[in-house]
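Enquirer: What follows is a structure written as structure tokens; I'll ask about it next.
The values are calculated or read from the model by the stated rules, or taken from the named source; none is laboratory data. What you are looking at is a predicted structure, and each value in this text was computed from that prediction instead of being measured. Methodologically, a virtual Cβ is constructed for each residue, glycine included, from the backbone with ideal geometry; neighbour enumeration extends over all protein chains shown. These accessible areas exclude ligands, DNA and RNA; they are computed on the full protein's heavy atoms, side chains included. Shrake-Rupley method; radii C 1.70, N 1.55, O 1.52, S 1.80 Å.
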Amino acid sequence: MASMGEQNGVVSTRPVMADNRNFADFEPAVKKPKRNKFAFACAILASLTSILLGYDIGVMSGAIIYIQEDLKINDVQKEILMGILNVYSLVGSCAAGRTSDWVGRRYTIVLAGAIFFLGALLMGFATSYAFLMVGRFVAGIGVGYALMIAPVYTAEVSPASSRGFLTSFPEVFINGGILLGYVSNYAFSKLPTDLGWRFMLGIGAIPSVLLAVGVLAMPESPRWLVMQGRLGEAKKVLDKTSESIEEAQLRLSEIKEAAGIPQECTDDVVKVQKRSHGEGVWKELFLYPTPAVRHVLICGIGIHFFQQASGIDAVVLYSPTIFEKAGITSSDGKLLATVAVGFVKTITILIATFLLDRIGRRPLLLSSIIGMVASLTTLGFSLTIIDHSHEKIPWAIGLCITMVLAYVALFSIGMGPITWVYSSEIFPLRLRAQGASMGVAVNRVTSGVISMTFISLYKAISIGGAFFLFAGIATVATLFFYMFYPETQGKTLEEMEGLFGKFIGWREEAKKLKMKKTMEVNGDGTSNGQIQLGNTTTK
């Protein structure tokens, strides 16, 4: 046992004996709760940015009823107003990668909240359609920043064992924001028409203020600190967010290796090559990608595309319209049914956060998308029957409502959170900020196209036909995920690159990595972290 500690390059060289006192420094159980709570708090604060998008999506689904009545806009203007924020958010998501590499992840979160605060105020005080579009533009930039930075920061702070749980928080807060938006619709629906929708939109400024205050308690991302050569600060953050001292040392070692810093550099501040502002990253992503980077890029962009192309924003944004087509005609009835959608989404996303690190990403993703195919097909079937009937069919109406709730539940249990978890953890450190921003850009473009064309689409091919189309897209997504997406559960962010590069043969690489880890485990099951640390530092 004593020689084992020496052979594996552990910092402490004292013998490891059966005496419990000699295991004190290696026992994570004492400090684990504190550290998990700290990582949990950091993830909560960072993910609050995502509530901004969720609130806007939810509140617009009901506010548009009163905006259309007050400002006398047509269906095309309505479509554009509903979905344009997603297109505007491209500006923010594309700029967020470079900004976060420049000023840091933490201050990028502050910037996201400040921009959305201004946008919410502009929308709340809008006096015309053009004025309202200006507010949507400003808010959209803030949303773009928020969507990109929240999962990246959370993934970089989280230990591998709980990264899925913590990185799913942005999707939790998107769903919480949607629910708040639905509740806001119902709460302010009794006000005069010209005031109600303005309160609905303007009240969204409150979460951004809370975010700006809360971010002051957050540390900077340890990976960004290492990229800046600030190793002393990075070590302090890793000590607080890791489950043991050994894991903190291992994470620091792997980050240093990924950043190109020699392992023997132990100064608090070291000089690094300044390549963290985006120089050369776009070339490596698109012009000269390695097989692994190409695989990562296709997976990162593909999952964002299919998340939105399968129709989630059409259901969430236009749920009052869908319920109206299903036979619910009263405004209160439509809004209450919409609130039920928000509750179902929020409950199921909370369940998903506890399953991600237990079941894994891949099983949840595949079961989610298969269920979405079934619910979308059944929803299209029920809406087609209702559309072709001259009288109310209670069973079809009930089936339609049930399928809407089933669809959002199945989306939130897998496809929703895993998109953000997966895309934030698979990119290598040097490409993570820009790679994640590209995924968000694709997400927002696809969402914008779907939400700005849904009314025209269902008028062209019928409401049922629109959902049959979404079901077809989800079927293609199922095959895509099954073939190309490896499991990333429990892998460190620096191990990800080894899983990618062989589109079909990734399963063999995953088996090799699992076998390697098994061989590295100590025979008696203890001091697992010290063995990994020794192997990492002697590469």
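Enquirer: Scale the Cα Rg of the stretch 264-357 by the rule-of-thumb value 2.2 N^0.38 Å and send over the ratio, two decimals.
Expert: In units of the 2.2 N^0.38 Å rule of thumb, it is 1.85.
Enquirer: Could you give the accessible area per residue of the stretch 36-217, probe 1.4 Å, as a whole number in Å²?
Expert: 32 Å²
Enquirer: If packing is taken as the average count of other Cβ atoms within 10 Å, what order do 420-430, 250-260, 346-356 fall into, highest mean first?
Expert: Packing order, densest peptide first, comes out as 420-430, 250-260, 346-356.
Enquirer: Now for a different question. Counting Lys +1, Arg +1, Asp -1, Glu -1, what net charge surrounds Gly92 among other residues with beta carbon under 12 Å of its beta carbon?
Expert: Surrounding charge for Gly92 is +2.
Enquirer: Hey, how many Å between the Cα centroid of the stretch 311-368 and the Cα centroid of the stretch 454-493?
Expert: What the calculation gives is 15 Å, centre to centre.
Enquirer: Then there is this: Provide the FRET efficiency to the nearest 0.05 for the Lys459-Ser161 pair, computing r from the beta carbons and using R0 = 56 Å.
Expert: Plugging the Cβ-Cβ distance into 1/(1 + (r/R0)^6) gives 0.65.
Enquirer: Still on this model: How far apart, in nm, are the 7 Å Cα→Cβ label points at Phe343 and Thr402?
Expert: 1.8 nm
Enquirer: While we're looking at this one, here's another question. For the stretch 283-515, with all protein chains present and a 1.4 Å probe, just round the carbon and sulfur fraction of the accessible area to a whole percent.
Expert: 71 percent
Enquirer: Using a 7 Å offset from the Cα along the Cα-to-Cβ direction at both Tyr186 and Glu324, what is the distance between the two label points in nm, to one decimal?
Expert: 1.9 nm
Enquirer: Could I ask something else about it? In a shell of Cβ-Cβ distance under 12 Å around Ile178, excluding Ile178 itself, what net charge do Lys and Arg (+1) and Asp and Glu (-1) give?
Expert: After counting each charged neighbour, the total is -2.
Enquirer: I've got another one for you. Quick check on my link table: of Lys325/Lys392; Lys235/Lys283; Lys325/Lys459; Lys72/Lys392, which ones sit more than 20 Å apart, alpha carbon to alpha carbon?
Expert: Lys235/Lys283; Lys72/Lys392
Enquirer: Based on the Cβ-Cβ distance of Phe484 and Tyr288, what FRET efficiency does E = 1/(1 + (r/R0)^6) give at R0 = 22 Å, to the nearest 0.05?
Expert: E between Phe484 and Tyr288, to the nearest 0.05, is 0.55.
Enquirer: Along the positive direction of the dipole of the stretch 283-515 (beta-carbon charges: Lys, Arg +1; Asp, Glu -1; about the Cα centre), which of Ser412, Tyr485, Ile450 reaches farthest?
Expert: Positive-most Cα among the choices belongs to Tyr485.
Enquirer: Of all accessible surface on the stretch 36-217 at a 1.4 Å probe, what whole percent is carbon and sulfur?
Expert: 76 percent
Enquirer: Sticking with this one: Between Glu391 and Glu257, what FRET efficiency follows from the Cβ-Cβ distance if R0 is 56 Å, with the result rounded to 0.05?
Expert: For R0 = 56 Å, the calculated efficiency reads 0.20.
Enquirer: Taking only protein heavy atoms into account and a 1.4 Å probe, give the accessible area per residue of the stretch 283-515 in Å².
Expert: It amounts to 36 Å² per residue over the stretch 283-515.
Enquirer: Next up: What distance in nm separates the simple spin-label points at Cys265 and Asn74, each placed 7 Å from Cα in the Cβ direction?
Expert: Label at Cys265, label at Asn74, 6.1 nm between them.
Enquirer: According to the Cα gyration tensor, what semi-axes, each the square root of 5 times an eigenvalue, does the equivalent ellipsoid of the stretch 283-515 have, listed from largest to smallest in whole Å?
Expert: Taking √(5λ) for each eigenvalue gives 36, 17, 15 Å, largest first.
Enquirer: Shifting gears a bit: Could you compute the net charge surrounding Ile413? Neighbours are other residues with a C-beta less than 15 Å from the C-beta of Ile413; K and R count +1, D and E count -1.
Expert: +2
Enquirer: While we're here: Note the full-extension length gain between Ser128 and Ala114 as 0.36 nm times their separation in residues minus their Cα-Cα distance, in nm to one decimal.
Expert: Computed gain between Ser128 and Ala114 is 2.7 nm.
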